[in-house]
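In what follows, a single structure is set out as structure tokens and then discussed.
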Amino acid sequence: MIRNETKIRVRYGETDQMGYVYYGNYAQFFEVGRVELLRSLGVSYKSLEKSGIMLPVLHMEINYLKPAKYDDLLILETKLVGKPMVKIKFEFKIFNEEKELLTTGETTLVFIDMKKNKPTKAPKYLLDKLYCSI
């Protein structure tokens, strides 16, 4: 199971009038988690795009359990679920410094061939990196 942990400090501009993280910002936190998990394997979104592959989000689910607040240091745990084929799925857990679970979620993305603008299989070099790290 491939997982990565990233720390994110909540900035003032990411909060609402109550001082809670605005709900829409969790999608950006999840993106940070995905990018950093892939980066930890030696693959960047930039390299995927250079090779002609883009990864749009197909599905996202978020469960808000407790609010994250301004200046909290969040621990974002990202886990790759299953074997990527045409789609790749990630699960997320966000904890505060006290290790309280604040938010869970998941995203499913689809590999798109940028020239054909059609779904395609996960690139071999990505799969090789994934299986070398297991």
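The values are calculated or read from the model by the stated rules, or taken from the named source; none is laboratory data. Here the structure is a predicted model, which is why all the values come from computation and not from measurement. Note that we place each Cβ from the backbone using ideal geometry, even for glycine, and neighbour counts take in every protein chain shown.
Residues are listed down the side, and each one gets a yes or a no for (1) loosely packed, with under 14 Cβ neighbours inside 10 Å; (2) of a type outside the set (Val, Ile, Thr); (3) not in a strand (DSSP E or B):
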residue: 33; (1), (2), (3): no, yes, yes
residue: 39; (1), (2), (3): no, yes, yes
residue: 49; (1), (2), (3): yes, yes, yes
residue: 62; (1), (2), (3): no, no, no
residue: 77; (1), (2), (3): no, yes, no
Next item on the list: Could you list all residues from the stretch 25-47 that are more than 12 Å from the chain's Cα centre (by Cα) and modelled with pLDDT of 95 or more?
Entry: 25
Item checked: Given (1) free of Cβ contacts under 8 Å to residues at least 60 places away in the same chain; (2) assigned to a strand (DSSP E or B); (3) surrounded by fewer than 13 Cβ atoms within 10 Å (Cβ to Cβ); (4) of a type in the set (D, E, K, R), number of the condition residue 7 does not satisfy -> (1)
Margin query: Which condition from (1) touching a Phe, Trp or Tyr at 6+ places or on another chain (Cβ under 7 Å); (2) without any contact (Cβ under 8 Å) to a residue 24 or more places away in the chain is the one that residue 101 breaks?
Written below: (2)
